[in-house]
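To keep things clear, I will list the structure first and then write my remarks on it.
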Amino acid sequence: MRLILLGPPGAGKGTQAQRLVRKHGIVQLSTGDMLRAAVAAGTPVGLQAKDLMAAGKLVPDEVVVAIIADRIGEPDARRGFILDGFPRTVAQAEALETILAERGLKLDAVVELKVDEDILLRRIENRVAEMTARGETLRADDNPAVLKDRLAAYRAQTAPLSAHYAGKGMLKTVDGMAPIEEVAAAIDRVLGRGSSAPARRRPAGRKPVRKRPAARNAAAARKAVGKKSAAKKAGRKTAKKAAKKGRKKAVSAAKRTKTAVKRRKAGRKNGRKASSRRRLTKRR
Ligand code: AMP
């Protein structure tokens, strides 16, 4: 599976990406994380990106495109990936299309987390206040003033990507303001469907039972077995009837034989009686 997660900074892309990574066994490719690592390592890319990032501005397209082109080619990305924070401009999106086409790869979907920027800003302000109170270190760009610039950069340069991917029929939009678990469930739903249209609600009442092929086969098998046993039963019935008939025939045959034997015996007796009568009459 190859996905893009779109959404302004603070929308929860990272959280959802980590969950999808666990669920689908794919890797999360975050250009923000890669750039921060480059800054920390003091590489030429890091040196180029450092001030732009601290100011909430975008790093040049060619820099991030080169990073992503290398990363997608690594073995762990072969099973699939989630792009988090890339592309951020239409030029980056077009470069990505070329990179993927050259490698015979395709994107499965682009999921956009829709958020309310005012609520987002208040959330960041609260988080920054809490982290400062706990004495935790903050990211250089993790403060309300820089967040405003990052949101402005998002609106101007990244938001047009929604129309770009909607035009390709790949955009799936999810309400990013809902609780994390609900957002996760909504993402799973849109990824499970073929289109970006909102899920149609089923009218209240009984759930339609849609049989899967295996279930259909099982039902057909059950039906066939039913027919077979019916045939067996019918067969058994006929056999029973025949046996009964046979038994009746045998009984009546036996009866007939008995009667014949009786008659024969009676005939012999009568014959004997008659001859003795004849003898007696002769003597007389
Ligand atoms: P993020 O962690 O995705 O919010 O990114 C932090 C910062 O890294 C951004 O404010 C930009 O300065 C820079 N950055 C990350 N990804 C990109 C990108 N695709 N294009 C340009 N700049 C980026």
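Determine if the stretch 114-130 includes at least one residue that is on the phi < 0 side of the Ramachandran plot and in contact with a strand residue (DSSP E or B) (Cβ under 6 Å, 6 or more places away or on another chain).
Yes: one or more hits.
Is it the case, given these coordinates, that K23 is under 22 Å from the mean Cα position of the chain (by Cα), under 27 Å from G192 (Cβ atoms) and either acidic (D, E) or away from the ligand (no atom under 11 Å from the Cβ) (or both)?
Here the answer is yes, as K23 does meet what is asked.
Looking at (1) within 19 Å of A186 (Cα to Cα); (2) exposed (fewer than 15 other Cβ atoms within 10 Å of the Cβ); (3) of a type outside the set (A, V, I, L, M); (4) within 14 Å of the ligand (Cβ to nearest atom), can you tell me which one P8 breaks?
It is condition (2) that P8 fails.
Do we find that K23 is touching a helix residue (DSSP H, G or I) at 6+ places or on another chain (Cβ under 7 Å) and part of a helix (DSSP H, G or I) in this structure?
Taking the combined requirement at face value, the residue does not satisfy it.
When you check V174 against the structure, is it touching a helix residue (DSSP H, G or I) at 6+ places or on another chain (Cβ under 6 Å) and either among the hydrophobic types (A, V, I, L, M, F, W, C) or assigned to a helix (DSSP H, G or I) (or both), yes or no?
yes
I'm told A184 meets every condition in (1) part of a loop (DSSP other than H, G, I, E, B); (2) away from the ligand (no atom under 16 Å from the Cβ) except one. Can you identify the failing condition by its number?
Result: A184 passes all but (1).
Computed from the coordinates by the stated procedures, all read-outs in this text should not be read as laboratory data. Everything numeric here is computed off the predicted structure, so don't read it as measured data. Positions of Cβ are backbone-derived with ideal geometry, glycine not excepted, and every protein chain shown enters the neighbour counts.
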